[in-house]
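Please treat every number below as a calculation from the coordinates, not as lab data. Everything numeric in this text was worked out from a predicted model, so none of it was measured. Cβ atoms come from the backbone with ideal geometry, glycine included; neighbour counts cover every protein chain shown.
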Amino acid sequence: MSSDPSARIMIVEDDETIALGVETALRLEGHTVRHYDRAELALDALDAWKPHLVILDRMLPGIDGLSALQYIREHHVDLKVIMLTAKGSESDRIEGLDAGADDYVAKPFSTQVLLARVRARLRALPVHALDPDTFAFGDMRVDLRRRVLHRGDEEIRLTTHEAGVLQYLIEHKGDDVTREELLEKVWGYSPTMQTRTVDNQILKLRKKVEETPGDPRHILTIHGVGYRFEP
């Protein structure tokens, strides 16, 4: 699963098998996904849902993909669009890109390649464009604002301090964070205070985050220093 913040991704595809496969893969990456089998329905939902990226089939019943793309470019200039199509000739690709697609993937396609294209387009977005309160790692997705962990269909609640510790560690992922730092930033205590509060909170958090709390993969102990978060 990606360690990047999650995005809202809209799939506009009338082939249910393709749509389901792409939707499942995107959800496993931690994204929120909506699927529409007609462009009319998708275009009606754009203003209210405000997706970060659209995966758009070219050959659709009713309004076709190119017409939908033209509408998007007129009304949602910055919205990223990856066009999916069975029309994969060079002239078709040029037509799609000239119409405003950010990328063009021909069917049949590798889901992993499509996911890589999605990641590339999301990286091109401004940092503030994605929800900073949502983060995916391992097989989990955490909503820090709601203080909820999601593992598959399971929803795990976090206490205020658990969420605070996890958020601080995520914000400093890959860096060593001292116990004193966590004590000051999360609890507001003096960093000179002698307490096991941080260690006890880490133990509780690992039971919710780690598949094997005794052998953690994400919240690591850095002996003599404190802790480090690894996605």
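So if I take the centroid of the Cα atoms in segment 1-68 and the same for segment 208-228, what is the distance between those two points in Å?
Computed from Cα coordinates, the inter-centre distance equals 36 Å.
Candidates (i) 25, 24, 16; (ii) 42, 16, 15; (iii) 28, 20, 17; which is the computed semi-axes √(5λ) of the Cα gyration tensor in Å?
(ii)
For each pair in Lys50/Lys204; Lys50/Lys207; Lys80/Lys208; Lys173/Lys208, compute the distance between the two Cα atoms and list the pairs where it is over 28 Å.
Working: Lys50/Lys204 36 Å; Lys50/Lys207 35 Å; Lys80/Lys208 35 Å; Lys173/Lys208 18 Å.
Exceeds cut-off: Lys50/Lys204; Lys50/Lys207; Lys80/Lys208.
As an exercise, identify the trypsin sites (Lys or Arg not before Pro) in segment 132-218 lying in DSSP coil whose Cβ has no more than 16 other Cβ atoms within 10 Å. Don't skip to the end; give the middle numbers.
Working: sites: Arg141, Arg145, Arg146, Arg147, Arg151, Arg157, Lys173, Arg179, Lys185, Arg196, Lys204, Arg206, Lys207, Lys208, Arg217; in loops: Arg145, Arg146, Arg147, Lys173, Arg196, Arg217.
Sparse-neighbourhood loop trypsin sites (Lys or Arg not before Pro): Arg145, Arg146, Lys173, Arg196, Arg217.
Nearest 500 deg cm²/dmol is fine: what mean residue ellipticity at 222 nm does the chain get from its DSSP H runs of n ≥ 4 alone, each adding -39,500 (n - 2.57), divided by its residue count? Write down the numbers at each step before the final one.
On the way: 8 runs with 86 residues, N = 231.
Here the helix-only value at 222 nm equals -11000 deg cm²/dmol.
Taking Cα atoms, how many degrees apart are the long axis of helix 160-171 and the longest axis of the chain, rounded to 10 and kept between 0 and 90?
Approximately 60 degrees, to the nearest 10.
Against the longest principal axis of the chain, how steep is helix 65-75, in degrees 0 to 90 to the nearest 10, with axes from Cα atoms?
Relative to the chain, helix 65-75 is tipped by roughly 60 degrees.
Given 0.36 nm per residue, what is the gain on full extension from Arg119 to Asp153 after removing their alpha carbon distance, in nm? Walk me through the numbers before you get to the answer.
Numbers: separation 34, 0.36 × 34 = 12.24 nm, distance 2.38 nm.
Extending this stretch completely gives an extra 9.9 nm.
Multiply the residue gap between Thr17 and Arg145 by 0.36 nm, knock off their C-alpha separation, and tell me the result in nm, one decimal place. Could the numbers behind the result be given before it?
Working: separation 128, 0.36 × 128 = 46.08 nm, distance 3.39 nm.
Taking Thr17 through Arg145 to full extension adds about 42.7 nm, to one decimal.
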